[in-house]
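Trainee: Just dropping this structure here.
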Amino acid sequence: MQKDILRRSLDLITKRQTNILSAAFVIMATVIFSQVLGLVRNRLLVSIFGPSNTLGIYFYASQLPDTLFQLTIAAALSTAFIPVFSEYLSRGREKEAHQMASTLLFVGLLIFAILSVILVLFAGFFLQIFNLGSNFSPRDMLLMVNLMRIIVIGQLLFVVGTFFTALLQSYNHFFIPGIAAALYNLGMIGGILLFAPKFGIYAAPFGVIFGSAIYLLLQLPLAKKIGFTFRPSLKLIFTDGVRKVGSLMWPRTISIVIFQLGTLAIASFISFLADPGRMNVLFDFAKTLAFAPVALFGQTIAQAAFPVLSRAKEKPEEFRSTFITSFNQMLYLVLPISVLILVLRIPLVRLVFGANKFDWAATVLTGRTLAYFSISIFAQALIALILRGFYALHDTKIPLIISGVSTAIMIALAYMFIVVDNMGIVSLALAYSIASILQLVFLFILLERKIGGFTKRSLIVPWSKIFSASFFTAFALYVPIKLLDQLVFDTTRTVNLLILTGISSSAGLLLYLMLTWLFNVHEARTYLLVFKKIGNWRDILGKSDEVIEGSTRI
């Protein structure tokens with residue numbers, strides 16, 4: 001009996017997702033799990049170290065290894081490896097696909113290792129980019145160097161784990177990679193708890209190694225099950241598959257370079273502020289909270305829509321219909337969440353990061369920064385979908401150009417706000433939001449022109465209704481939290497604060513749902529029908545007619 005239960009459990013978690021709806025459901029569930037663990041990890045860090053200069057130095061030490069990972073591995077896997085590998089599988093050339101994958105993994109590891117050695121050897125030189133304001137002491141910079149060198153080891157393991165994720169997703173396995181990514185955060189939490197009493201802040205990079213090992217090892221059994229064996233061959237470097245991956249990845253690589261330059265520039269501008277380590281922590285925490293909805297709704301809906309948009313490449317009407325439907329559905333979900341984060345920013349910061357060492361000044365400043373970030377949450381989510389629209393049309397040049405322009409705008413605004421006007425950490429979030437909204441506008445206009453235009457009624461009518469409902473929702477959130485905070489609840493207690501936030505959130509979101517229903521917003525009716533059928537979720541997921549191309553049973 002126990003063996004039978006175990007076997008069924010293993011079959012469930014290793015089962016392939018063969019339609020878009022089930023894949024999107026699994027991705028969203030694992031993203032939520034990962035985000036919750038990520039917030040717990042940050043809460044643990046701030047409860048031990050506070051929003052201190054030391055913790056900020058650790059965040060700085062993480063940035064260059066992450067940039068190296070993004071440039072050498074993420075670009076190839078996100079846009080080039082999966083399409084090429086899947087093409088081999090669809091033609092029944094699985095052995096060649098695995099040979100190509102082994103070669104790419106070897107080349108990626110080799111490049112990453114060489115660049116990592118350079119980064120480690122000259123760490124002091126490269127990390128000076130985060131001390132342009134000369135506010136870190138030599139001792140601070142030495143700590144940053146040591147932390148970064150340890151993090152690089154964890155990143156090497158993470159590279160292999162990320163490769164296995166792309167490999168398994170090519171076979172339409174999404175659950176194990178998603179859970180493995182989530183348990184990376186759990187590994188970090190375990191490492192911090194285990195090593196912090198003895199090693200202090202060094203526990204954080206040790207946690208990176210621990211989490212990366214879990215991320216890699218959890219995917220190994222399923223990788224073996226699909227028949228993958230690491231057998232690299234230098235002779236295969238110049239084969240068609242490897243060369244095709246190389247040709248496809250370069251536009252995405254340049255886009256990542258531009259994005260990472262913007263990220264590094266923002267971090268560098270923070271170094272001009274007094275107490276830059278602390279400011280870096282607060283900025284990172286605000287950004288983490290602000291972009292949780294982007295990952296949850298923006299990335300998942302965009303991922304689910306991408307194959308449908310790709311199949312409709314030669315059918316303009318179907319492409320426009322699919323795109324606008326996905327766009328409006330995403331806007332319907334993200335806009336009220338943006339308003340909720342804007343209005344309830346202080347309670348949210350206190351609930352998530354309000355450890356004993358996270359003082360009131362840090363709470364207020366993080367909340368103000370979060371407010372400016374929240375302005376562009378909807379833009380960041382929608383950009384993810386528009387980019388997939390361009391990629392579905394095999395156009396990578398326009399996203400690349402617009403990304404460059406928006407990043408240049410963000411850097412220029414950040415320089416003006418910080419170096420010239422000394423406006424403080426919140427101004428960097430403002431620069432980020434302005435650039436993101438402009439990027440959304442530019443991309444949407446250019447996509448509309450590329451596909452022959454949208455019906456104006458399909459845009460203006462639902463958008464005006466959703467924005468109007470969101471505006472009134474803001475008042476429904478603001479009024480109860482102000483009245484109850486002053487008259488009923490002692491919000492110095494966490495339980496009371498949680499109850500207050502829950503009441504305000506429920507009131508606001510219920511009003512939003514009611515208004516969009518009364519305004520006859522199509523998306524409101526769509527999601528309500530989904531909720532009514534939630535009891536039959538297994539049948540719904542299994543009967544979705546959006547089948548992932550190339551799906552076969554293993």
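Trainee: Looking at I176, I214, I226, which is the one that is at pLDDT 90 or above, among the hydrophobic types (A, V, I, L, M, F, W, C) and assigned by TED's automatic domain parsing to the domain that holds L147?
Mentor: None of the other options fit; the residue is I214.
Trainee: Let me ask another. Give the residue, chosen from A384, A361, A371, that is small (G, A, S) and surrounded by fewer than 19 Cβ atoms within 10 Å (Cβ to Cβ).
Mentor: A361
Trainee: Would you confirm whether any residue within the stretch 134-147 is outside any helix (DSSP H, G or I) and of a type in the set (G, A, S)?
Mentor: There is at least one residue in the stretch 134-147 that is outside any helix (DSSP H, G or I) and of a type in the set (G, A, S).
Trainee: I need a count of the residues in the stretch 443-470 that are of a type in the set (D, E, K, R) and more than 12 Å from F323 (Cβ to Cβ).
Mentor: 4
Trainee: Continuing with the same structure: So in the stretch 356-390, with the set limited to residues that are among the hydroxyl-bearing types (S, T, Y) and in contact with a Ser or Thr (Cβ under 7 Å, 6 or more places away or on another chain), which one is nearest to L428 (Cα to Cα)?
Mentor: Y372
Trainee: A follow-up question, please. With more than 26 Å from the chain's Cα centre (by Cα) and part of a helix (DSSP H, G or I) as the only criterion, which of V441, V461, V405 stands out?
Mentor: Selected residue: V461, the only one of V441, V461, V405 that is more than 26 Å from the chain's Cα centre (by Cα) and part of a helix (DSSP H, G or I).
Trainee: Yes or no: the stretch 469-482 includes at least one residue that is modelled with pLDDT of 55 or more, of a type in the set (A, V, I, L, M) and over 24 Å from R350 (Cβ atoms).
Mentor: yes
Trainee: Evaluate the stretch 382-391: report whether one residue or more is more than 18 Å from S436 (Cα to Cα) and in the same structural domain as A435 (by TED's automatic domain parsing).
Mentor: Yes, because at least one residue in the stretch 382-391 is more than 18 Å from S436 (Cα to Cα) and in the same structural domain as A435 (by TED's automatic domain parsing).
Trainee: So which of T501, T491 is under 11 Å from P347 (Cβ atoms), over 31 Å from the mean Cα position of the chain (by Cα) and modelled with pLDDT under 80?
Mentor: Answer to the selection: T491.
Let's see how each residue does on (1) of a type in the set (F, W, Y); (2) in contact (Cβ under 8 Å) with a residue 24 or more places away in the chain; (3) in contact with an Asp or Glu (Cβ under 8 Å, 6 or more places away or on another chain):
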position	(1), (2), (3)
I73	no, yes, no
F81	yes, yes, no
Y88	yes, yes, yes
T103	no, yes, no
V117	no, no, no
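Trainee: Take S247 and decide whether it is in a helix (DSSP H, G or I) and surrounded by 17 or more Cβ atoms within 10 Å (Cβ to Cβ).
Mentor: So S247 fails the test.
Trainee: List the number of the failed condition for F106; all other conditions in (1) modelled with pLDDT of 70 or more; (2) surrounded by 18 or more Cβ atoms within 10 Å (Cβ to Cβ); (3) within 24 Å of Y215 (Cβ to Cβ); (4) of a type outside the set (D, E) hold.
Mentor: Unmet for F106, out of (1) modelled with pLDDT of 70 or more; (2) surrounded by 18 or more Cβ atoms within 10 Å (Cβ to Cβ); (3) within 24 Å of Y215 (Cβ to Cβ); (4) of a type outside the set (D, E): (2).
Per-residue answers, yes or no, for (1) out of contact with any Cys (no Cβ under 9 Å at 6 or more places or on another chain); (2) in the same structural domain as L443 (by TED's automatic domain parsing); (3) without any contact (Cβ under 8 Å) to a residue 24 or more places away in the chain; (4) β-branched (V, I, T):
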| position | (1), (2), (3), (4) |
| --- | --- |
| A292 | yes, yes, no, no |
| A302 | yes, yes, no, no |
| E314 | yes, yes, yes, no |
| E317 | yes, yes, yes, no |
| P336 | yes, yes, no, no |
| L340 | yes, yes, no, no |
| V349 | yes, yes, no, yes |
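Trainee: Pick from the stretch 299-327 the residues that are among the small types (G, A, S) and modelled with pLDDT under 80: which of them is nearest to the chain's Cα centre (by Cα)?
Mentor: Top of the filtered list is A302.
Trainee: Could you pull out the residue among L186, L156, L167 that is modelled with pLDDT of 90 or more and more than 22 Å from I48 (Cα to Cα)?
Mentor: Residue meeting the stated conditions: L156.
Trainee: Shifting gears a bit: Condition (residue is outside the structural domain of P347 (by TED's automatic domain parsing), in contact with a strand residue (DSSP E or B) (Cβ under 6 Å, 6 or more places away or on another chain), at pLDDT below 70 and not in a helix (DSSP H, G or I)) applied to the stretch 527-546: is it met by at least one residue?
Mentor: yes
Trainee: Here's something else I'd like to know. What pairs come up if the first residue lies in the stretch 151-171 and is closer than 18 Å to V26 by Cβ, the second is basic (K, R), and their beta carbons are under 8 Å apart, counting only those six or more places apart or on different chains?
Mentor: As it stands, the answer is Y171/R16, since those pairs meet every condition given.
Trainee: So is P51 part of a helix (DSSP H, G or I) and crowded, with 19+ Cβ neighbours inside 10 Å or not?
Mentor: no
Trainee: Sticking with this one: Among the residues of the stretch 313-327, is there at least one that is in contact with a Ser or Thr (Cβ under 7 Å, 6 or more places away or on another chain) and within 26 Å of A435 (Cβ to Cβ)?
Mentor: Yes: one or more hits.
The values are calculated or read from the model by the stated rules, or taken from the named source; none is laboratory data. Since the model is a prediction, treat every value here as computed from it, not as a measurement. Note: ideal-geometry Cβ built from the backbone for every residue, glycine included; neighbour counts use all protein chains shown.
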